[in-house]
1. With the condition being surrounded by 16 or more Cβ atoms within 10 Å (Cβ to Cβ), I'd like the strands (runs of 3 or more DSSP E) fully within region B:27-70 carrying at least 3 qualifying residues.
2. So which residues in region A:30-46 are in contact (Cβ under 8 Å) with a residue 60 or more places away in the chain and part of a loop (DSSP other than H, G, I, E, B)?
3. Among the residues of region B:82-95 satisfying the criterion of being in a loop (DSSP other than H, G, I, E, B) and within 14 Å of chain A (Cβ to nearest Cβ), which is surrounded by the most Cβ atoms within 10 Å (Cβ to Cβ)?
4. So is B:Ser79 surrounded by fewer than 17 Cβ atoms within 10 Å (Cβ to Cβ) and away from every other protein chain (no Cβ under 14 Å) or not?
5. On the basis of being at pLDDT 95 or above, in a helix (DSSP H, G or I) and loosely packed, with under 15 Cβ neighbours inside 10 Å, does B:Ser112 make the cut?
6. Identify the residue in region A:1-51 that is modelled with pLDDT of 95 or more and among the aromatic types (Phe, Trp, Tyr) and, among all such residues, is nearest to the chain's Cα centre (by Cα).
7. Give region A:1-56 a look and list any residue that's farther than 18 Å from A:Ile69 by Cβ and surrounded by 19 or more Cβ atoms within 10 Å (Cβ to Cβ), or say none.
8. Any residue that is at negative phi, within 14 Å of chain B (Cβ to nearest Cβ), surrounded by fewer than 23 Cβ atoms within 10 Å (Cβ to Cβ) and at pLDDT below 95 - is there at least one of those in region A:79-99?
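The values are calculated or read from the model by the stated rules, or taken from the named source; none is laboratory data. Quantities reported herein were computed from a predicted structural model and do not represent experimental measurements. So basically every Cβ, Gly included, is an ideal-geometry build from the backbone, and we count neighbours across all protein chains shown.
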Amino acid sequence: GAVVSQHPSRVICKSGTSVKIECRSLDFQATTMFWYRQFPKQSLMLMATSNEGSKATYEQGVEKDKFLINHASLTLSTLTVTSAHPEDSSFYICSARDPPTQYFGPGTRLLVL
Amino acid sequence: LAKTTQPISMDSYEGQEVNITCSHNNIATNDYITWYQQFPSQGPRFIIQGYKTKVTNEVASLFIPADRKSSTLSLPRVSLSDTAVYYCLVGDMRDYGGSQGNLIFGKGTKLSVKP
């Protein structure tokens with residue numbers, strides 16, 4: 001199947017700093033990419049949908065000014081967690097669609113101290 | 001709100017066939033049915049996808065009845081490494097970025113395979 005990569009796989013940062021996570025579709029072009037967040041022992045929760053060349057669409061309750069999403073090309077989407085706080089610590093997973101199938105990245109573990 | 005309902009957990013033994021059924025009573029005409037496997041601290045891995053009838057690949061089979069209101073993932077001869085959470089999702093997978101196509105995860109089925 002198609003491959004989606006994420007970088008970094010894990011990151012530790014201090015409270016108040018910003019962290020950028022990259023998501024790449026390696027062998028296909030993705031007009032639409034998705035960002036999910038998963039807390040321990042819970043299911044994935046959709047944060048936002050990004051379409052190449054346009055603004056991201058955020059799910060209810062997700063702060064767009066805190067979670068900046070850029071989908072600058074058909075193979076790259078980035079999620080920037082701005083002014084991170086300990087409650088932002090989570091497992092962030094990106095996903096890209098190669099219709100009719102959606103593939104997921106390996107995830108990024110964020111720990112905010 | 002997830003569009004699907006699955007058993008929370010299932011137990012099995014190595015070598016057995018495991019069938020996990022998912023209900024999706026409100027499935028729409030353009031929705032596909034997709035199953036994923038997730039291990040702890042990893043992203044979901046695509047297993048199989050179908051629209052109607054039966055689909056088989058090298059790791060699983062997917063049975064979809066004519067009314068498409070449910071589906072069954074069949075894992076032949078499971079091993080200890082198949083212990084994971086399995087998610088059934090339905091969504092319009094055409095690539096237009098609309099909200100109807102967003103895959104919303106339910107709680108999934110935690111499969112435990114014992115020796």
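1. B:31-38, B:45-50, B:61-64
2. Those that are in contact (Cβ under 8 Å) with a residue 60 or more places away in the chain and part of a loop (DSSP other than H, G, I, E, B): A:Ala30, A:Thr31.
3. Keep residues of region B:82-95 that are in a loop (DSSP other than H, G, I, E, B), which gives B:83, B:93-95.
Pick out the ones that are also within 14 Å of chain A (Cβ to nearest Cβ) and you get B:93-95.
Numbers: B:Met93: 22, B:Arg94: 15, B:Asp95: 16.
Filtering first and then ranking leaves B:Met93.
4. On the way: surrounded by fewer than 17 Cβ atoms within 10 Å (Cβ to Cβ): yes; away from every other protein chain (no Cβ under 14 Å): yes.
When the stated conditions are applied, B:Ser79 passes them.
5. Numbers: at pLDDT 95 or above: yes; in a helix (DSSP H, G or I): no; loosely packed, with under 15 Cβ neighbours inside 10 Å: yes.
Answer is no for this residue.
6. Applying the filter and picking the extreme gives A:Trp35.
7. Correct list: empty.
8. yes
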